[in-house]
Every structure is written in structure tokens, then in C-alpha cells.
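Working notes, structure below.
The values are calculated or read from the model by the stated rules, or taken from the named source; none is laboratory data. This structure is a prediction, so every number in the text was calculated from the model and none was measured. We work out accessible area using only protein heavy atoms, side chains counted, and drop any ligands, DNA or RNA first. Shrake-Rupley method; radii C 1.70, N 1.55, O 1.52, S 1.80 Å.
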Amino acid sequence: MNHVPDAVLAAIDGLGRAALADEPTTVEQRLRGDFRVRISCDRTALDAGTVPVAFRLEHGTTAPTLRDHGSFVVTIVDGVDSRLRAWGIDPPDAYTHRRTDDEWQVYAGRATLR
């Protein structure tokens, strides 16, 4: 069963096509009501070969990494990472906690363009 919304998968496909064409683009999508993803593939990222990937999770407590929030979150993140890999974009080993923004926990890492 796929826990990543079709709109998110389509947006990642658009990002993959844009990266192959060396065109900047940004993915900003809702994974579920309390969970969001943002992948910013701007000119600087394309030139550097690394793309910032950030997840925002509306949760009262922090964890060292995003996957520490449990199996359902892991399943969604794995789905996003799998789609990135399909486009030749290697996700980071972990998305680490970066900050709290209101009640949103922000986890981020840098993906590598092959």
C-alpha cells in the first residue's frame, strides 16, 4: 500500500524531470494533515549537486531524527526517498531535527544529485 499521496509522487516526478533538464523547481506538498515536505531545487542546488529536503511534522515533541517518530512516518518518508532514488537523487541517510516552528518540528537533510 502506498502512503504517499499521488500529488506528492507527481510533484517529485516533476522535480526529477526538471533536475535532468537542469531547470530549477520546488516541491512543496502535504503528505497528510500534519505532515509536509519541501524540496528546493534552485539554481544554487543544481550547481552544487545537492538539494535541501525538509519535512515539517506537527508534533508536540522532538526526536533526533524524523524516522524516530514511528513506523507510519517511516513508511511515508521511505516512499518519498524511494521516488527520489528512482530519479537518480540520493536522499540523505537521516533527516535530523533542525528547529521547532510553532508546533511544527522541522527535519532536514541534503539529497545528492547523481
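In this structure the amide hydrogen of Tyr95, modeled in the peptide plane, comes within under 5 Å of the amide hydrogens of Leu66, Arg67, none closer than 5 places in sequence on its chain. For Thr26, the residues whose amide H sits under 5 Å from its own are Cys41, ignoring neighbours fewer than 5 places away on the same chain, with H placed 1.01 Å from N.
In this structure, the amide hydrogen of Ala111, modeled 1.01 Å from its nitrogen in the peptide plane, lies closer than 5 angstrom to those of Val51, Val53, counting only residues at least 5 positions away or on a different chain.
With N the number of residues in the chain, Rg(Cα) / (2.2 N^0.38 Å) evaluates to 1.00.
Per residue, the chain exposes 52 Å² of accessible surface when a 1.4 Å probe is rolled over the protein heavy atoms with every protein chain present. In a fully extended conformation the segment linking Val74 and Arg99 would gain 7.1 nm over its present Cα-Cα distance, using 0.36 nm per residue. Where only DSSP H runs of four or more residues are counted, the chain gives -10000 deg cm²/dmol as its mean residue ellipticity at 222 nm, each run worth -39500 (n - 2.57).
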